[in-house]
Amino acid sequence: MNRKNVVEDLHRLKIIGDDEIDDLRKVSEKYSVALTPHLIEKIQSSSPEDAQALKRQFVPTVDELANTPIEYADPIGDEPRTQLKGLVHRYPDRCLLMPVMICPVYCRFCFRREKIDDNAHSLSSSDLDKAYQYIKAHPEIWEVVLTGGDPFILHPKMLREICQRLAEIEHIEVIRFHTRVPVVEPSRVTKNLIEAIKTDKTTYVILHSNHPSEFDEASIAACASLVDAGIPMLSQTVLLKGVNDDVRTLGKLMRLFVKHRIKPYYLHHGDRAKGTKHFRTSLEEGQDLIKSLRGHYSGLCQPTYVLDIPGGYGKVPIHPNYVNNRSSTRSSDNIAIEDYEGNIHEYCSEE
């Protein structure tokens, strides 16, 4: 798809209608739009329900032009924790390294949507050298998370060089990749890419996927090639209104992860990025979904529901509390515990 004329291409392919094109041109002037041929084909061949879940994630809508006072250009506070160009050090034992700020697709709810586009910067050799020097000078950094942008969009030769330089730093034990590529452009997951990201340090790949329709024969094969090469995979999912905010869809997605050897990791509450209100659920709605998953789906299928606190204060779990302080018990020494069906049970405290 011609990225300079994505909206026109979507109109030509009848993915957006005549009545939408003028408004969506305005959206594309403000926020980047890109879909891969793989996604286009999937939208065209999927059931109406699945096609709508994909379109909602990747095809712009006029809702994006509406901002609220609690939405921000930097909703998770990357900027105050940016130590160097492309390097964010928020938590003591790990840092983010963003070698590229381009993605093969642009999610309509992205928390970095104001910074990521086809004209965004990528790190130069000099920038990367400074990042390696920073990491080497901070022995508390145990893990480097490669994100951005999508690092899997880089040429394998570039990925190999980055991984080798990081692996040379003695105190780095884990190199982690955050990517959408296996489900949006699985042809990029080649033998060369896999060989490039493997070093004598431990490599993890975290797959971002939000709906069961993102899995097909090609994406399943791409994930399998990574796992078969000895690279553990985990998942991260964003809770999105109208996409996966029901237990049937979310449970099916978690089961697909587990079936294909991808451990559910994070379910993110929607960040307050500009123009994304139409995607966000309430915290209570998210907690109710987590309660519905518990008990009805295998323990392997349980992600950690997290909120990235606005302002850069980090992620915290926001699961429901099963210690029911609102219920009385017959003994002051007992605690009221709620099971996954909502029933209350007394538990004797042994303090």
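Read the figures in this text as sums done on the coordinates, not as results from a lab. Keep in mind the model is a prediction, meaning the values are calculated, not measured. Ideal geometry is used to build each Cβ from the backbone, glycine not excepted, and the neighbour counts take in all protein chains shown.
Run the quick spin-label model on Thr304 and Arg255: label points 7 Å from Cα toward the beta carbon, then report their separation in nm to one decimal.
2.6 nm
With +1 on the Cβ of every Lys and Arg and -1 on the Cβ of every Asp and Glu, and nothing else charged, how large is the dipole of region 79-317 about its Cα centre, in debye rounded to the nearest 20? All intermediate terms of the calculation are to be shown ahead of the outcome.
Working: 33 positive and 28 negative charges, 75 e Å.
In total the dipole reaches around 360 debye.
When DSSP assigns beta bridges and you keep just the ones with both residues in region 41-150, what percent turn out antiparallel, to the nearest 5?
Beta bridges within region 41-150, antiparallel portion: roughly 55 percent.
How far is it, in nm, from the label point at Arg12 to the one at Lys191 when both lie 7 Å from their Cα along the line to the Cβ?
According to this spin-label approximation, the distance is 3.6 nm.
Round to a whole angstrom and tell me the spacing of the C-alpha centers of region 86-109 and region 192-226.
18 Å
At a 10 Å Cβ-Cβ cut-off, how would you order Cys110, Cys223, fewest neighbours first?
On the way: Cys110 18, Cys223 26.
Ordered from fewest to most neighbouring Cβ atoms within 10 Å, Cys110, Cys223 come out as Cys110, Cys223.
List the residues whose amide H sits under 5 Å from the amide H of Trp142, counting only those 5 or more places along or on another chain, with H placed 1.01 Å from N in the peptide plane.
For Trp142, whose amide H was placed from the backbone, the distant partners under 5 Å are Arg94.
Eigenvalues of the Cα gyration tensor times 5, then square-rooted: what semi-axes does that give for the chain, in whole angstrom, largest first? Present the calculation step by step, with values, prior to reporting the outcome.
Details: eigenvalues 216, 154, 86 Å².
Semi-axes, largest first: 33, 28, 21 Å.
Which of the peptides 285-293, 130-138 is most tightly packed, and how do the rest follow, judged by the mean count of other Cβ atoms within 10 Å per residue?
Values: 285-293: 18.6, 130-138: 16.7.
Packing proxy ranking, top to bottom: 285-293, 130-138.
Using just the C-alpha positions of region 75-168 as equal point scatterers, what log10 of I(q)/I(0) does the Debye formula give at each q in 0.12, 0.17, 0.22 1/Å?
-0.36, -0.73, -1.21
In percent, how large is the relative contact order of the chain, given Cα pairs closer than 8 Å and 6 or more residues apart? Don't skip to the answer; put the middle values down first.
Numbers: 637 pairs, mean separation 51.8, N = 351.
Relative contact order comes out at 15 percent.
Please label the shape of region 135-280 as rounded, prolate or oblate, based on the square roots a ≥ b ≥ c of the eigenvalues of the alpha-carbon gyration tensor (a/c under 1.5 means rounded; beyond that, a/b larger than b/c means prolate, else oblate). It would help to have the intermediate numbers written out before the result.
Values: a/c = 2.05, a/b = 1.49, b/c = 1.38.
Taking the square roots of the gyration eigenvalues as a ≥ b ≥ c, region 135-280 is prolate.
What relative contact order, as a whole-number percentage, does region 1-88 give when Cα pairs under 8 Å and 6 or more residues apart are counted?
Numbers: 49 pairs, mean separation 21.5, N = 88.
Here the relative contact order equals 24 percent.
Among Val62, Val184, Val145, whose mean-square fluctuation peaks in a Gaussian network model of the chain (Cα, cutoff 10 Å)?
Maximum fluctuation in the GNM of the chain, among the listed residues, is at Val62.
Quote the relative contact order of region 127-205 in percent (integer), defining contacts as alpha-carbon pairs under 8 Å separated by 6+ residues. Before the final figure, lay out each step's value.
Values: 97 pairs, mean separation 28.4, N = 79.
Across region 127-205, relative contact order equals 36 percent.
To make sure I understand the rule: partners must be lysines, Cα under 25 Å from the Cα of Lys30, and not fewer than 8 residues away in the same chain. Which ones qualify?
The reachable lysines, counting only those whose Cα sits under 25 Å from Lys30, are Lys4, Lys14, Lys55, Lys85, Lys115, Lys241, Lys274, Lys277.
Please list, or write none, the aspartates and glutamates whose alpha carbon is within less than 17 Å of the alpha carbon of Lys198, excluding same-chain residues fewer than 8 places away.
Glu143, Glu161, Glu168, Glu170, Glu173, Asp228
How many angstrom separate the Cα center of region 116-175 from the Cα center of region 43-65?
When both Cα centres are located, 33 Å separates them.
May I ask what percent, to the nearest 5, of DSSP beta bridges between residues of region 98-253 are antiparallel?
Details: 1 of 16 bridges.
Roughly 5 percent of the beta bridges in region 98-253 run antiparallel, per DSSP.
Can you bin region 208-301 into rounded, prolate or oblate? Criterion: square roots of the alpha carbon gyration tensor eigenvalues sorted a ≥ b ≥ c, rounded for a/c under 1.5, prolate for a/b above b/c, oblate for the rest. Show your work: numbers first, answer last.
On the way: a/c = 2.19, a/b = 1.54, b/c = 1.42.
Note, shape of region 208-301 comes out prolate.
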